[in-house]
Amino acid sequence: MKKTILTGLRPTGNLHLGHLFGAGQNYVKLQDEYEFFLEIADVQALTDNFDNPEKVRRNVKEITMDLLAIGVDPNKVHLFIQSRIPEIAELTVFYSNLVTVSRLFRNPTVKSEVAQKKELFGKDGESITYGFLGYPVSQAADITIFGGEVVPVGDDQLPLLEQCREIVRKFNNIYGDILKEPEQYLSNAPRLKGLDGNEKMGKSLGNAIFLVDDYETISKKVMGAVTDPNKIKKDDPANPDICMVYYYHKLVTPEDELKAVCSECKNGSRGCVACKKQLIENINKLLDPIKERRKQYEDNPELVDKILEEGTIFARNRAKENMKKIKEAMMIDYE
Ligand code: TRP
């Protein structure tokens, strides 16, 4: 029997290259080896976008099309919408007894997100909502309602997984050993840096190349990328290791071509403009087939609806089965 994998994405924006290299390529690999539940976490997205429901609604479909475009296969992966699985909300309530408020306040992921969202939650987090503080509890329900054993996440999510394991242990101690403790599956791709040299490529940082960006947008973004500041003239020798253009070449440029990029940069025989143009071309080569596949879904939106509908029905059935066992264990099985 295949092991069960579950992961989720908040539908707050389109996927960018950071998602593709950090997570997306992994999904495509894992879908052959595991029973894979992929959640579009709209309820979680609302915890910090409750005042912008249009954005969340629109991005459910956008992110689904992005995932299908990078090669997530709907015949292998159960793609579903979180809000359509009421058992998740129900289980969140049950779990909320098993976690202290102070523990949630100490969760490093929650802490750093609250610090980033000052306009929403106040300068010192004094306006944090009950819903946002509690989203790690709801994420534990996301994972365990499907019997998730393996969770592919970035390292920023590890405290949430630890919190989930704590809840599982406590549940099993009190109500009997019925839940599985999930383990993480860390992508071996390091976090992708931004074109501006920032440690992270992110939508909110304004330094991301989205999978749906057109040629002109990609060209503008790459042309603005940070290069070796000591290279003033076109034929100055430079250090590729401190250049964001070379950093991206390493991801998208074939090996022999890459060797030339590196040596020509070092000996000064390559100007930055030509080097950037070559990078643009190679990014387009990577993204063209993705955009092509995406277009098939854009042209047939009913196909996307059908995929989400089928994935959701499958996920809902699994959630119902597990909820029955959970309620029995908790002695609230009146049906
Ligand atoms: N918190 C995750 C993120 O922001 C998204 C998510 C929702 C998730 N539910 C999940 C990740 C369950 C792993 C497992 O990226």
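Against the test of being in contact with a helix residue (DSSP H, G or I) (Cβ under 9 Å, 6 or more places away or on another chain), closer than 21 Å to LEU158 by Cβ and among the acidic types (Asp, Glu), the options GLU113, GLU90 yield a single qualifying residue, GLU113.
Rundown of residues vs (1) modelled with pLDDT under 95; (2) under 13 Å from PRO11 (Cα atoms); (3) more than 13 Å from the chain's Cα centre (by Cα), yes/no style:
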| residue | (1), (2), (3) |
| --- | --- |
| ILE40 | no, yes, no |
| VAL43 | no, yes, yes |
| ASP48 | no, yes, yes |
| GLU54 | no, yes, yes |
| MET65 | no, yes, yes |
| ASP73 | no, no, yes |
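Only one of the listed residues (ILE178, ILE174, ILE128) is buried (at least 16 other Cβ atoms within 10 Å of the Cβ), among the β-branched types (Val, Ile, Thr), farther than 25 Å from ILE40 by Cβ and away from the ligand (no atom under 11 Å from the Cβ). That residue is ILE178. Look at (1) in contact with a Cys (Cβ under 9 Å, 6 or more places away or on another chain); (2) of a type in the set (D, E, K, R); (3) more than 29 Å from LYS324 (Cβ to Cβ); (4) surrounded by fewer than 16 Cβ atoms within 10 Å (Cβ to Cβ) and you find that ASP236 fails only one, number (1). Among the residues of segment 190-221, those identified as of a type in the set (A, V, I, L, M, F, W, C) and buried (at least 16 other Cβ atoms within 10 Å of the Cβ) are LEU192, LEU195, MET201, ALA208, ILE209, PHE210, LEU211, VAL212, ILE218.
In segment 1-20, the residue that is nearest to the chain's Cα centre (by Cα) out of those that are more than 10 Å from the ligand (Cβ to nearest atom) and under 16 Å from HIS78 (Cα atoms) is THR4. So which of PRO152, PRO159 is within 15 Å of the ligand (Cβ to nearest atom), within 17 Å of GLU39 (Cβ to Cβ) and in the same structural domain as TYR135 (by TED's automatic domain parsing)? Matching residue, one of PRO152, PRO159: PRO152. Within segment 33-45, being touching a residue at least 60 places away in the same chain (Cβ under 8 Å) and under 30 Å from THR129 (Cβ atoms) holds for PHE37, LEU38, GLU39, ILE40, ALA41, VAL43, GLN44.
Checked against (1) in a strand (DSSP E or B); (2) among the β-branched types (Val, Ile, Thr); (3) farther than 19 Å from ASN26 by Cα, ILE178 passes all but condition (1). All told, THR64 falls short of being touching a residue at least 40 places away in the same chain (Cβ under 8 Å), surrounded by fewer than 21 Cβ atoms within 10 Å (Cβ to Cβ), within 16 Å of the ligand (Cβ to nearest atom) and not assigned by TED's automatic domain parsing to the domain that holds PRO289.
With the requirement that a residue be more than 11 Å from the ligand (Cβ to nearest atom) and within 23 Å of ARG316 (Cα to Cα), what does segment 162-171 give you? Even if it seems obvious, please write down each step before you answer.
Here is the first cut: in segment 162-171, the residues more than 11 Å from the ligand (Cβ to nearest atom) are 162-163, 165-171.
Within segment 162-171, ARG165, ILE167, VAL168, PHE171 meet the criteria.
Here ILE326, ILE290, ILE242 are screened, and the one residue that is touching a residue at least 24 places away in the same chain (Cβ under 8 Å), among the aliphatic types (A, V, I, L, M) and either under 26 Å from ILE218 (Cα atoms) or outside the structural domain of HIS19 (by TED's automatic domain parsing) (or both) is ILE290. Among the residues of segment 21-46, those identified as within 10 Å of the ligand (Cβ to nearest atom) and of a type in the set (Val, Ile, Thr) are ILE40, VAL43.
The values are calculated or read from the model by the stated rules, or taken from the named source; none is laboratory data. Values in this document were obtained by computation on a predicted structure and should not be read as measured data. Positions of Cβ are backbone-derived with ideal geometry, glycine not excepted, and every protein chain shown enters the neighbour counts.
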